[in-house]
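Notes for the one structure printed next.
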Amino acid sequence: MDTEHAIPALRARIVDWRARGQRIALVPTMGNLHAGHLSLVEAAQARAERVVVSIFVNPMQFNDKQDFASYPRTLEDDRRKLEDIPVDLLFLPEQAALYPRGLESSTRVTVPGLSDILCGAFRPGHFAGVTTVVCMLLNIVQPDLAVFGEKDFQQLLLIRRMAHDLHLPVEIVGMPTRREEDGLAMSSRNHYLTPEERRRAPALFQMLSRARETILQHSGACDFRDLEADAMERLRDRGLRPEYFSVRRAADLALAGPEDKDLVVLAAAWLGSARLIDNVRVQG
Ligand code: AMP
């Protein structure tokens, strides 16, 4: 597996692949790779001849400086995992190359509305950081397709919306959430959990699954707001500090009502120093 740090060198590789008529896929990550990330790489390999994985801990999407400073950086482990698969190219851009004018003065790409709800309401500026860096990576690599996880459902929807609105010639592929055996969604942030917190952590997915069952049992004819309040209470009882637990329309994340059939239940909760997010789809 080759590694490139510089944009011109990466572009030269892409030009070469293009000249041979090869399809190119991009999998953007922040590193600290786990089986969830690797499932995205496998999906990319199934759809393209060449796969580029980027690792960049993007400062623009961290609204908390301490969170950015302590984010797990495990490059050598990540490299070994990617070599095992194997991936064609690892792209490790430098912060100064992506943000030559500094974070504050750089151009931003923002998706209005969708960026300000759910996670966006609790992490101001976070999604503008995500859409900005993903737009840059898509422009640098110019892949035929890019693969993202449904675990970050709101992020996936934002990226689809951005690609559509900006007429980016790329297919955005979403892949299902990889989970630990007890249901906890795999995440780089799970390392922040103490053993005791780790035992409690599956409660988030359990409450989401419970909400899903309730909605299906009532064929959607239940009071979603009651269900949300009940789930928040149960999460608190289990020692989590929920930010939101919300039944939304899968297409646009608007608040769902009984007439909506394609739903997603999304939740975010703190457990110790880890912020966990997860979601389940409900198609009635
Ligand atoms: P991150 O490194 O956390 O920014 O994630 C990089 C990509 O991996 C994003 O598209 C995430 O949605 C995706 N991802 C993270 N966790 C999982 C998981 N448990 N299953 C599938 N994809 C995931």
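The values are calculated or read from the model by the stated rules, or taken from the named source; none is laboratory data. None of the values given here were measured: they were computed from a predicted structure. Cβ sites come from the backbone with ideal geometry, for glycine too, and all protein chains shown count toward neighbours.
Results, tabulated for the structure shown:
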| item | result |
| --- | --- |
| Residue list for segment 4-45, filter: within 15 Å of the ligand (Cβ to nearest atom), in a helix (DSSP H, G or I) and either of a type outside the set (S, T, N, Q) or not assigned by TED's automatic domain parsing to the domain that holds VAL130 (or both) | ALA35, GLY36, HIS37, LEU38, LEU40, VAL41, GLU42, ALA43, ALA44 |
| Check on SER219, outside the structural domain of ALA46 (by TED's automatic domain parsing) and either within 13 Å of the ligand (Cβ to nearest atom) or modelled with pLDDT under 95 (or both) | yes |
| Residue selected from segment 185-212 under the condition assigned to a loop (DSSP other than H, G, I, E, B) and in contact (Cβ under 8 Å) with a residue 60 or more places away in the chain, by the criterion farthest from the ligand (Cβ to nearest atom) | THR194 |
| VAL41, sole failed condition from (1) within 14 Å of LEU145 (Cβ to Cβ); (2) touching a Ser or Thr at 6+ places or on another chain (Cβ under 6 Å) | (2) |
| Some residue of segment 161-184 being in a helix (DSSP H, G or I), surrounded by 12 or more Cβ atoms within 10 Å (Cβ to Cβ), assigned by TED's automatic domain parsing to the domain that holds VAL264 and within 16 Å of the ligand (Cβ to nearest atom) | no |
| Which numbered condition PRO72 fails, given (1) under 21 Å from PRO143 (Cα atoms); (2) within 15 Å of the ligand (Cβ to nearest atom); (3) not hydroxyl-bearing (Ser, Thr, Tyr) | (1) |
| PHE127 vs. criteria in the same structural domain as ALA44 (by TED's automatic domain parsing) and either assigned to a loop (DSSP other than H, G, I, E, B) or within 14 Å of the ligand (Cβ to nearest atom) (or both) | yes |
| Cβ pairs under 7 Å, 6+ apart, first in segment 32-52 and on the phi < 0 side of the Ramachandran plot, second of a type in the set (A, V, I, L, M, F, W, C) and in a helix (DSSP H, G or I) | ARG50/TRP17; VAL51/VAL41; VAL51/ALA44; VAL52/VAL141 |
| Qualifying helices (runs of 4 or more DSSP H) (wholly inside segment 58-115; at least 1 residues being among the small types (Gly, Ala, Ser)) | 65-70, 95-98 |
| Residues satisfying the stated conditions in segment 37-89, i.e. in contact with a helix residue (DSSP H, G or I) (Cβ under 8 Å, 6 or more places away or on another chain), modelled with pLDDT of 95 or more and of a type in the set (S, T, N, Q) | SER54, ASN58, GLN61 |
| Residue within segment 107-117 that is surrounded by fewer than 21 Cβ atoms within 10 Å (Cβ to Cβ), acidic (Asp, Glu) and more than 15 Å from the ligand (Cβ to nearest atom) present | yes |
| Pairs with Cβ under 6 Å, 6+ apart, first in segment 166-179 and modelled with pLDDT of 95 or more, second charged (D, E, K, R) | ILE172/ARG160; GLY174/GLU150; PRO176/GLU150; THR177/GLU150; THR177/LYS151 |
| Meets criteria (more than 25 Å from ASP278 (Cα to Cα), buried (at least 18 other Cβ atoms within 10 Å of the Cβ) and within 16 Å of the ligand (Cβ to nearest atom)) for VAL52 | yes |
| Residue match in segment 15-28 (condition: among the β-branched types (Val, Ile, Thr) and over 22 Å from GLY129 (Cα atoms)) | yes |
| Selection from segment 84-117 of residues that are farther than 22 Å from GLU49 by Cα and of a type in the set (Asp, Glu) | GLU94, GLU104, ASP116 |
| Of residues in segment 112-148 being free of Cβ contacts under 8 Å to residues at least 60 places away in the same chain and not hydrophobic (A, V, I, L, M, F, W, C), the one farthest from PRO59 (Cα to Cα) | GLY113 |
